[in-house]
Amino acid sequence: MRPAAAWTLVAVVGVGTAAMKAAGPVLLGGRRLPDRAMKVIGLLAPAVLAALIVTQTLAGDHRYVFDARLAGMGTAVIAVVLRAPMLVVLVVAAVVTALWRLFL
């Protein structure tokens, strides 16, 4: 792709993103969304985050990958279930991932 075409694409995507973000307030005009819609919107961020985490943990080149990332993720899940503080969850997951890569 030529540099000019790439920058044109970046500009178009940027304008499109700004238009989508502005559409909500413009179309609603200060009105509140129904409670049911607010509940669904509240669930979107955790669902998208979970999907991104699973994709980045298991995704490979057209196949599933079970490696150190999965070991770290599993450890993090166990730490969360045991109600460890988030900083502890992150450190434990990083240490397990690093040790897995070092020894296996």
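Per-structure values
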{"item": "Protection proxy ranking, peptides 42-51, 90-99, average beta carbon neighbours within 10 Å, highest first", "result": "90-99, 42-51"}
{"item": "Sparse-neighbourhood loop sites, trypsin sites (Lys or Arg not before Pro) in the stretch 35-93 - DSSP loop, at most 16 other Cβ within 10 angstrom", "result": "Arg63, Arg83"}
{"item": "Inter-probe distance in nm under a simple model that places probes 7 Å from Cα toward Cβ, at Ala18 and Thr55", "result": "2.6 nm"}
{"item": "Phi-based couplings in Hz for the stretch 93-104 (Karplus 6.51, -1.76, 1.60; Gly and Pro marked x)", "result": "5, 5, 5, 4, 4, 5, 5, 4, 5, 5, 9, 10"}
{"item": "Degrees separating the helix 35-58 axis from the principal Cα axis of the chain, which is the longest one", "result": "40 degrees"}
{"item": "Over the chain: helical MRE at 222 nm, DSSP H runs n ≥ 4 each giving -39500 (n - 2.57), nearest 500", "result": "-27000 deg cm²/dmol"}
{"item": "Distance in nm between pseudo-label sites at Ala94 and Met1 (7 Å out along the Cβ direction from Cα)", "result": "3.3 nm"}
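Read-outs throughout are calculated quantities, based only on the coordinates presented, and are distinct from any laboratory measurement. Here the structure is a predicted model, which is why all the values come from computation and not from measurement. As a convention, Cβ positions derive from the backbone with ideal geometry for all residues, glycine included, and neighbour counts pool all protein chains shown.
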